[in-house]
Amino acid sequence: MRSSQDLNPLSLGSQVALQQGVPSGNKESGGVSRLQIIREWVSVNKFCQILFWGHLFIVTVLAISLAFHGLLSVSRKHNFDPRSWTLSVFSSTILAGILGFMFQAFTNINPLRSLRTAFWLSSFLTCAFGVLLVSVGTPGSLVAGVFALVTSILQALYACWVTPRFEYAGKVLAVSLAYIPPKLNALVVMLLVATTVYTFLLMIAIGGAMATGTRVDIVFIILILISYTWTMQIIKTMVQITVSYLKYMHFASGVEQDLKVILRNLSRNLMGSVCIGSIIIPILVVLRGLARAISSFSRDADEFMFSCSSCCTGVASRSIEWGNRWGFVHVGVYNKGIMQASSDTWEIFTRAGIEKLIDFDLTSVFCFLSGTAAGSACALVAGAWALAIHKSYATQVSIYAFLSGYFLVRVAMAWIQASVTAFYVAYAENPRSQQFDSTIPDYMRMIQRSSRV
């Protein structure tokens, strides 16, 4: 029989926090009572629940309307073939769902080989995608094609640079994925099926809007793409919070939690952090990447560029405290807000002395390149089909297919990323726990030796 403590996911998380000295985020701050903070956060959660589900309903109705509207008005626009469009997006969307399942399954079976494959396959497929776009021959496709080609070269160079880190990243993945929570595989499959169907519906809606091509329909396409991006980010975040909670409790105390209870708590109490985190985390990741790139290129430049480098380094170091993916662990376990959770987890990393090791981790890049590889593969299928049958919209269908493949694989790989984040946070809180092997200490010693050379 499951104890009452098991029925409340917050109780066990709070116990672990007290035992390990983890900030619980429940202290009074600035004279504001705890009750008032709770009331305000409940209001934020309610608003975010209404906003997300309301916008999802409106977009679904809009998508169905646009699909029917496009079919009825297609006779007035002869340069759009609904059958060709439907077959293109159907084939690419089905491929995206299959690739999403395959990527996460192969990663679970052989993490190191999957890691190496993703790094090199992404570069190759992105290059092929760029060649396809250039072959379309329109100004827009040329710009997009050149961008894809440059990106593929940068991916190849980056893969060469981080090759020495593959072995460690593969070990961390293997350790993090060793425990599979009950019903997790079923949850991943259900999410993949649901998001694949939803993606196909939106792609058909975009085709319906393109069939008429009015200014209002163009606005609808933009709104659908924004909504789709945010929705998939929210689903990915929900998976990350749920799985990181399950994995954290396993690493921290060896306790198995009920997936249904965690999902119920997530939908009722954490939608505020989910919605906010799904917006700010990707933005901060991009800004942090740009700041690091500028800092690297301007390191040996003149005084002005050196000052820019110092400024960018400061921005990168501060932004990681405002929002990071490791904070999702504390969001699920301790019901914190995303910014508080991010600050607390980074403080724990700093106290444990592993913040440099966190920067060496390749899991996030691995998941990103997996999505890029799948998106490029889907774009090649849809784009080649459109190029052979109806060249006029080959560029559009290729880009939309890329987005669908990228986001579906990112949703499928979210539990992989969540497992690694939970592993790092649990280790930083209690490095001497018997749950951990010597993977992290060994690599830390190797980093220290290399920095002395």
Accessible area of the range 344-453 divided out per residue, in Å², using a probe of 1.4 angstrom: 36
Within 10 Å, count the other beta carbons around each residue, average over each peptide in 56-63, 328-335, and list them highest first. 328-335, 56-63
By per-residue mean of other Cβ atoms within 10 Å, what is the highest-first order of 247-259, 361-373? 361-373, 247-259
In whole Hz, the Karplus estimates of ³J(HN,Hα) for the range 191-206 (6.51, -1.76, 1.60; θ = phi - 60°; x where Gly or Pro) are 5, 5, 5, 5, 5, 5, 5, 5, 4, 4, 4, 5, 5, 5, 5, 4
Counting only protein heavy atoms and leaving out ligands, DNA and RNA, the solvent-accessible surface of Lys260 at a 1.4 Å probe, in Å² to the nearest 10, equals 120
Residues of the range 164-266: accessible area per residue with a 1.4 Å probe, Å²: 37
Peptides 195-204, 46-55, 152-161: what's the order by average Cβ count within 10 Å, highest mean first? 195-204, 152-161, 46-55
Do the alpha carbons of any pairs in Lys183/Lys336; Lys171/Lys236; Lys236/Lys356; Lys260/Lys356; Lys183/Lys356 sit beyond 29 Å of each other, and which pairs? Lys260/Lys356; Lys183/Lys356
Pull up all non-local amide H partners of Gln435: gap of 5 or more, or a different chain, and H-to-H distance under 5 Å with H placed in the peptide plane. none
Once phi is turned into ³J(HN,Hα) by the Karplus curve 6.51 cos²θ - 1.76 cosθ + 1.60 with θ = phi - 60°, what whole-Hz value does each residue of the range 138-150 show in order, with x for glycine and proline? 8, x, x, 5, 5, 4, 5, x, 5, 4, 5, 5, 4
Kindly report, to the nearest 10 Å², the accessible surface of Ile399 as traced by a 1.4 Å probe over protein heavy atoms only. 70
Over the range 369-414, what portion of Cα pair distances is larger than 18 Å, expressed as a whole percent? 26
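The values are calculated or read from the model by the stated rules, or taken from the named source; none is laboratory data. Here the structure is a predicted model, which is why all the values come from computation and not from measurement. Please note: Cβ atoms are built from the backbone with ideal geometry, for glycine as well, and neighbour counts cover all protein chains shown. When the accessible area is computed, the model is the full protein with side chains, heavy atoms only, and any ligands, DNA or RNA have been set aside. Shrake-Rupley method; radii C 1.70, N 1.55, O 1.52, S 1.80 Å.
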